[in-house]
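Here, each number is a calculation from the coordinates, and none is a lab measurement. Remember, it's a predicted structure, so these values are computed and weren't measured experimentally. FYI the Cβ positions are ideal-geometry reconstructions off the backbone, even for glycines, and counts take in every protein chain you see.
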Amino acid sequence: MFPRITKVRHIEKYRLELTFTNGEKAELDFRNRIVGRGGVFAPLEDVEFFKQVKVDHEIGTLVWPNEVDFCPDVLYGEATGKPLTVPEMATEGIE
């Protein structure tokens, strides 16, 4: 399990600065995750709504008022360039 998000700061448009439990900071652009996807992501296309992002400290990830969130492991991997790994147990028995 990767570190969790402890702090978020809106930079501009769809860019956020994330701070993780291990002290690392990184900027991520969420444009490709949001724009044109529709559904629950449609409200996030409005930058004023997007800026309402908060950290859900219980699960250590980002959340918006419409309850959209993203996997904190994926965000950490993307932010730091550290690839996600699948534990060996999870792949046992898969052929």
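The figures follow:
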quantity: Hits in the range 1-52 (condition: basic (Lys, Arg), part of a strand (DSSP E or B) and touching a residue at least 40 places away in the same chain (Cβ under 8 Å)); calculated: 7
quantity: In the range 32-80, the residues that are surrounded by 14 or more Cβ atoms within 10 Å (Cβ to Cβ), of a type in the set (D, E, K, R) and either within 16 Å of residue 15 (Cβ to Cβ) or touching a Gly at 6+ places or on another chain (Cβ under 9 Å) (or both); calculated: 33, 45, 51, 78
